[in-house]
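The values are calculated or read from the model by the stated rules, or taken from the named source; none is laboratory data. These figures come from a predicted structure and were not determined experimentally. We place every Cβ from the backbone using ideal geometry, glycine too, and count neighbours over all the protein chains shown. Please note that ligands, DNA and RNA were not included when accessible areas were found on the heavy atoms of the full protein model with its side chains. Shrake-Rupley method; radii C 1.70, N 1.55, O 1.52, S 1.80 Å.
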Amino acid sequence: VSVEPALAAFDQLSARSKRDSGWAAVQVAVSDSAGERVLNLSANGQSSSLLPMMDQHVQANSASRYVGSQTVRTTTLDLLQQELHLPAPFYVKLDLQGSELPALRGAHSVMCDTIACEVELSLTQLYAGADTWDTIIDYLAAQGFAICDLERVYFDPSTKNLLQINALFRQEAVV
């Protein structure tokens with residue numbers, strides 16, 4: 001299952017997923033509660049977020065600037081799992097532009113049945129109100145997850161500073 005809240009990006013995702021009978025696409029934003037929120041839409045389509053964008057993000061990539069917004073439905077991973085009757089075990093990948101920790105907080109049951117998860121972590125604050133990378137690592141460690149791999153994903157081209165990584169976590173009880 002893949003989720004995408006932005007309408008244009010969802011249309012592309014949905015078209016691709018229809019070619020695979022084992023893949024479903026759902027138009028929703030994952031968070032810590034169900035409801036509706038305003039999604040800020042970025043010019044590049046990759047930096048859209050429920051959170052305001054910090055100046056450093058736009059300075060690193062002007063195409064990440066916000067160009068509009070849309071109201072989107074939100075849900076939790078636990079509610080999504082119940083709604084779609086998804087069988088465990090799970091591999092969870094979160095690339096939520098600063099909303100990773102709220103999504104994890106809304107996934108208590110899912111994370112109990114997750115063997116590995118991949119989470120995008122910002123090494124500097126790119127979205128106002130986003131939790132820090134170490135807070136997310138500490139939260140997952142308290143849930144029994146340990147980092148087993150890292151991937152560099154986003155650099156500031158002018159400073160060459162690393163801004164974001166993907167961290168792969170495994171459930172420590174799984175050997």
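Residues to consider are 128, 107, 146; find the one that is more than 25 Å from residue 50 (Cα to Cα) and among the small types (Gly, Ala, Ser). Even if it seems obvious, please write down each step before you answer.
Numbers: 128 fails: more than 25 Å from residue 50 (Cα to Cα); 107 fails: more than 25 Å from residue 50 (Cα to Cα).
Matching residue, one of 128, 107, 146: 146.
Looking only at segment 131-146, which residues are among the aromatic types (Phe, Trp, Tyr) and under 14 Å from residue 106 (Cβ atoms)? Step through it out loud before you land on a result.
Within segment 131-146, the first condition is being among the aromatic types (Phe, Trp, Tyr), and the residues that meet it are 133, 139, 145.
The one that is among the aromatic types (Phe, Trp, Tyr) and under 14 Å from residue 106 (Cβ atoms): 139.
Quick check on residue 175: is it modelled with pLDDT of 95 or more and either assigned to a strand (DSSP E or B) or over 14 Å from the mean Cα position of the chain (by Cα) (or both)?
Working: modelled with pLDDT of 95 or more: no; either assigned to a strand (DSSP E or B) or over 14 Å from the mean Cα position of the chain (by Cα) (or both): yes.
It is false that residue 175 is modelled with pLDDT of 95 or more and either assigned to a strand (DSSP E or B) or over 14 Å from the mean Cα position of the chain (by Cα) (or both).
Out of segment 126-138, which residues are surrounded by 17 or more Cβ atoms within 10 Å (Cβ to Cβ) and in contact with a helix residue (DSSP H, G or I) (Cβ under 9 Å, 6 or more places away or on another chain)?
Going residue by residue through segment 126-138, those that are surrounded by 17 or more Cβ atoms within 10 Å (Cβ to Cβ) are 126-127, 130-131, 133, 136-137.
The answer is 126, 127, 130, 131, 136.
Just name the residue that is most open to solvent (accessible area, probe 1.4 Å) out of those in segment 73-110 that are among the basic types (Lys, Arg) and within 18 Å of residue 143 (Cα to Cα).
In the first step, residues of segment 73-110 are kept if they are among the basic types (Lys, Arg); the result is 73, 93, 105.
Going one step further and asking which of them are within 18 Å of residue 143 (Cα to Cα), we end up with 93, 105.
Working: 93: 106, 105: 127 Å².
Taking the candidates together, the pick is 105.
Do we find that residue 118 is in contact with a strand residue (DSSP E or B) (Cβ under 8 Å, 6 or more places away or on another chain), of a type in the set (Asp, Glu) and surrounded by fewer than 19 Cβ atoms within 10 Å (Cβ to Cβ) in this structure?
On the way: in contact with a strand residue (DSSP E or B) (Cβ under 8 Å, 6 or more places away or on another chain): yes; of a type in the set (Asp, Glu): yes; surrounded by fewer than 19 Cβ atoms within 10 Å (Cβ to Cβ): yes.
Yes.
Considering only residues that are without any contact (Cβ under 8 Å) to a residue 24 or more places away in the chain and among the small types (Gly, Ala, Ser), look in segment 139-170 and name the one that is surrounded by the most Cβ atoms within 10 Å (Cβ to Cβ).
141
For segment 43-65, enumerate the residues that are within 19 Å of the chain's Cα centre (by Cα) and open to solvent by 70 Å² or more (accessible area, probe 1.4 Å).
Result: 46, 52, 65.
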